[in-house]
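The values are calculated or read from the model by the stated rules, or taken from the named source; none is laboratory data. As the structure is a computational prediction, the values presented were derived from the model and not from experiment. Positions of Cβ are generated from backbone atoms using ideal geometry, with glycine treated the same way; all protein chains shown enter the neighbour counts.
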Amino acid sequence: MTLLEIKNLHLQFNSDEGLALVLDGINLKVQKGETLGLVGESGCGKSVTGMSILQLVPTPPGEITQGEIIFDGENLLGKSTKEMREIRGRKIAMIFQDPMVSLNPVYTIGNQIAEAIDLHQPKGISSTWEGVVDSLASVQIADPASRAHNYPHQFSGGMCQRGMIAMMLSCRPSLLIADEPTTALDVTVQAQVLKVMADLQKELGMAVILITHNIGVVAETCDRVAVMYAGNIVETADVETLFENPQHPYTRGLLGSIPRADRDMNELTIIEGSVPNLTKPPQGCRFHPRCKEAMDICRQTKPTDLDLGDGHIVACHLYG
Ligand SMILES: Nc1ncnc2c1ncn2[C@@H]1O[C@H](COP(=O)(O)OP(=O)(O)OP(=O)(O)O)[C@@H](O)[C@H]1O
Ligand code: SF4
Ligand SMILES: [Mg+2]
């Protein structure tokens, strides 16, 4: 069942250089309970996609000019500030790359989780403080009852990230947007945090949009993957299909550029060129200046989404 559907979303930013067309008509579906990976080069629009869902894009300079974001049957873009505040946390939560953005240095971790719990009053907890201690325990914070009295500066980076996850999950959202939740963490803590998220996801039946640069993490944790390039979603497929049978030239380049134990370093491919300036995006397919397979039509006409079957969707003139 579809929990979230983004339809033809356009987002622009007004900057000194002019209007940057940062999301150029993206379409995306998230099913109940699934983990969808969102990948792509830096600046392609992953974070602003997540922030658009929660209406957290600063406006101005940002402006959503077209599109719909349907969550649980309702268009979030038609909601008032007050209605969105109710939805944030209670139904949809977001974990930011830097936990310090969301943790307040002057309150204890426990008080901040308590505030989230009181605000959203999730079912199934006997008291707020018990909920705080339980949620810290669920993200593997040792001695949670006393650690709850610590301030963020008394936690390590990894513990703050887990504290943030505890805060978000204590509200039992049906959708979690996790924006690079583990990049700031060392590998062992990274694995722990991902495991905690996966366990809670199973328990709560929660859907996750996992934004990450780490293709290894995608392979291990995601059901489906959406690949973004310069404000477009260029390919979406289930995780096995995407890794075994990538179709879009950008996806093939992206996967070909990742070192793997079973591959000779000389076999690595490089995507020549750089990400376009979005105030002057290339006409037609935004990837055409870097695409070895570009044809005349690619320089003029933007490719539309084509379903190759089983939900494998690609936007490229090589197909259809
Ligand atoms: N507040 C803002 N004002 C102006 N432009 C912005 C703002 N936030 C994002 N952008 C622009 O929107 C585009 C997409 O940014 P976004 O942060 O979504 O990229 P990303 O894919 O998350 O990159 P990264 O992998 O580096 O986190 C970029 O070109 C960025 O410069
Ligand atoms: S539409 Fe054309 S330029 Fe774009 S990825 Fe496909 S072949 Fe390359
Ligand atoms: Mg980002």
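Kindly evaluate residue 242 against the criterion of being away from ligand 3 (no atom under 16 Å from the Cβ), within 30 Å of residue 95 (Cα to Cα) and of a type in the set (A, V, I, L, M, F, W, C).
In short, yes.
Of all residues in the stretch 199-209 being assigned to a helix (DSSP H, G or I) and out of contact with any strand residue (DSSP E or B) (no Cβ under 8 Å at 6 or more places or on another chain), which is nearest to residue 306 (Cα to Cα)?
202
Mind listing whichever residues of the stretch 29-72 are within 14 Å of ligand 1 (Cβ to nearest atom), closer than 19 Å to residue 180 by Cα and either of a type in the set (Asp, Glu) or in a strand (DSSP E or B) (or both)?
Once the filter is applied, which keeps residues that are within 14 Å of ligand 1 (Cβ to nearest atom), closer than 19 Å to residue 180 by Cα and either of a type in the set (Asp, Glu) or in a strand (DSSP E or B) (or both), the stretch 29-72 yields 37, 38, 39, 41.
Could you list all residues from the stretch 218-240 that are in contact (Cβ under 8 Å) with a residue 40 or more places away in the chain, more than 14 Å from ligand 2 (Cβ to nearest atom), out of contact with any Cys (no Cβ under 7 Å at 6 or more places or on another chain) and of a type outside the set (Lys, Arg)?
218, 221, 222, 223, 225, 226, 236, 237, 238
Of all residues in the stretch 172-194, which are closer than 16 Å to residue 160 by Cα, at pLDDT below 85 and charged (D, E, K, R)?
Once the filter is applied, which keeps residues that are closer than 16 Å to residue 160 by Cα, at pLDDT below 85 and charged (D, E, K, R), the stretch 172-194 yields only 186.
Can you name the residue in the stretch 244-280 that is farther than 14 Å from residue 41 by Cβ and touching a strand residue (DSSP E or B) at 6+ places or on another chain (Cβ under 6 Å) and, of all such residues, is modelled with the highest pLDDT?
247
Can you pull out the residues in the stretch 142-159 that are surrounded by 22 or more Cβ atoms within 10 Å (Cβ to Cβ) and either at pLDDT 90 or above or of a type outside the set (A, V, I, L, M) (or both)?
148, the sole residue that qualifies.
Would you check if residue 54 is touching a residue at least 40 places away in the same chain (Cβ under 8 Å), of a type in the set (A, V, I, L, M) and more than 16 Å from ligand 3 (Cβ to nearest atom)?
Criteria not met by residue 54.
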